[in-house]
Amino acid sequence: MTVIDGRAIAQHLRDRVAEEVRAFAAEHGRPPGLATVLIGDDPASAVYVASKRRACAEAGIKSFHHELPAGTAREEALELIDELNADPRVSGILCQLPVPDPLDGDELTGRIDPDKDVDGLTVVNAGRLALGLPGLRPCTPAGVMVLLGETGVELTGAQAVVIGRSNLFGKPMAQLLLAANATVTMCHSRTRDLGAVARTADVLIAAVGRGRMVEGDWVKPGAVVIDVGVNRTEDGLIGDVDYNAVAPVAGAITPVPGGVGPMTIACLMRNTLQAAQMRVAAEA
Ligand code: NAP
């Protein structure tokens, strides 16, 4: 059984991105830039944004940080995004969600120029993914694809089961697996006999937000199990997979923490570089 080391794979990806960022900056006279927009005073959001900015500094990506107070008017927030859309130094824009009421996170995200949408969450980028067109992909499912690739998992013809159908993760995950020629089943809260469906999987991906829901007898012997869940408990972070029960059955498994989590920021750095590269290619 292989324990998939997300920390090591993410660091390797970040090192590769840093190298390409240096080459980009040398060729174009400036590095890629990532604008982060943090609205309100949610402490978890502040921690996420701070770690994204640290990752930028480490990769040589210039970060442009904007903090707006909780009472910010809708028009003011939209105006900031319009300014960032127009700023040639800014390759990618990230509006940290959730935003405080009455602001609408979907509206703010939707205002981001799709070619700067490094979270891959705009309607245009979801459409590009669905149609198999090039574009910026959501970071966490893109990170899972890197983990599967680095682990040498053969996806062509494989039976993949994704538990969870959110726009943020489950739907784009299924699209990426389909594009990699897997046969994909999506499960959700109304799926009948989830355990039986999960047991058909060669690749089982859980993104629900219910601690240790995937049990040992839900897993086909030798299957690859990817645990996207992040559940805070008194004992610390746990995943959606009952690791101790599943690990002896699985062929490969991601731990929580240290599995999927570190890939998200690494892919955000990769997307920012990709956005900068796409921009110069379009201008050439
Ligand atoms: P979400 O928007 O709440 O979606 C959860 C999905 O799980 C929904 O599709 C829901 O089905 C399904 N579900 C709920 N209860 C279920 C049940 N009993 N059986 C089967 N399916 C069930 O969550 P999300 O944003 O996709 O995130 C899912 C988990 O991944 C969370 O723990 C989150 O923290 C984690 N996550 C981690 C990262 C990372 O960087 N590591 C990134 C993103 C998400 P319905 O659609 O029918 O309601």
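Computed from the coordinates by the stated procedures, all read-outs in this text should not be read as laboratory data. The shown structure was predicted, so the numbers you read here are calculated from the model rather than taken from an experiment. Virtual Cβ from ideal backbone geometry, glycine too; neighbours counted across all protein chains shown.
Taking 4.7 Å between beta carbons as the limit, the unpaired Cys residues of the chain are Cys56, Cys95, Cys187.
When the chain is treated as a Gaussian network with alpha carbon springs shorter than 10 Å, the biggest mean-square fluctuation among Val47, Val219, Val208 belongs to Val47.
Highest GNM mean-square fluctuation among Thr233, Thr254, Thr151, for the chain modelled with Cα contacts below 10 Å: Thr233.
Where both bridge residues fall in the range 1-104, DSSP classifies roughly 0% of the beta bridges as antiparallel.
Directionally averaged projected area (the range 15-164, Cα convex hull): 10.7 nm².
Of all beta bridges that DSSP places with both ends in the chain, some 10 percent have antiparallel geometry. The helix-based estimate of mean residue ellipticity at 222 nm for the chain, built from -39,500 (n - 2.57) per DSSP H run of four or more residues and divided by its residue count, is -13500 deg cm²/dmol to the nearest 500. Taking a point 7 Å out from the Cα of Leu78 in the direction of its Cβ, the residues of the range 113-155 whose backbone N falls within less than 17 Å of it are 113-114, 123. Count Lys and Arg as plus one, Asp and Glu as minus one, and take only other residues whose Cβ is under 12 Å from that of Thr254; the net charge is then -3.
In terms of surrounding Cβ atoms within a 10 Å radius of their Cβ, Met278, Met263, Met213 rank from fewest to most as Met278, Met213, Met263.
A viscosity of 0.890 mPa s and a temperature of 25 °C, combined with the Kirkwood radius over Cα pairs in Stokes-Einstein, give a translational diffusion coefficient for the chain of 126 µm²/s.
Can you give the angle from 0 to 90° between the axis of helix 261-283 and the longest principal axis of the chain, with both taken from C-alpha atoms, to the nearest 10? Between helix and principal axis, roughly 50 degrees. Multiplying the residue separation of Thr183 and Asn85 by 0.36 nm and subtracting their alpha-carbon distance yields 31.5 nm.
Annotation: amide H of Cys187 within the under-5 Å range of Val162, Ile163, Gly164, sequence separation 5 or more or interchain, hydrogens built in the peptide plane.
Once the Cα atoms are used to define both axes, helix 139-150 deviates from the longest principal axis of the chain by about 50 degrees.
For the range 91-105, 3J(HN,Hα) computed residue by residue from phi via the Karplus equation (6.51, -1.76, 1.60; θ = phi - 60°) reads 8, x, 10, 10, 9, 5, 9, x, 9, x, 4, x, 5, 10, x Hz, glycine and proline entered as x. Take the Cβ atoms of Leu97 and Leu133, set R0 to 30 Å, and the FRET efficiency comes out at 0.75. The Cβ shell under 15 Å around Leu131 holds other residues with a net charge of +3, Lys and Arg each +1, Asp and Glu each -1. Using only Cα atoms, find the angle between the long axis of helix 43-59 and the longest principal axis of the chain, and express it within 0 to 90 degrees, rounded to the nearest 10. On a 0 to 90 degree scale, this one is about 80.
Reported to the nearest whole Å, the Cα centre-to-centre distance from the range 210-284 to the range 79-102 is 27. By the Cα gyration tensor, the range 136-284 has an equivalent ellipsoid whose semi-axes, rounded to whole angstrom, run 27, 17, 14 from largest to smallest.
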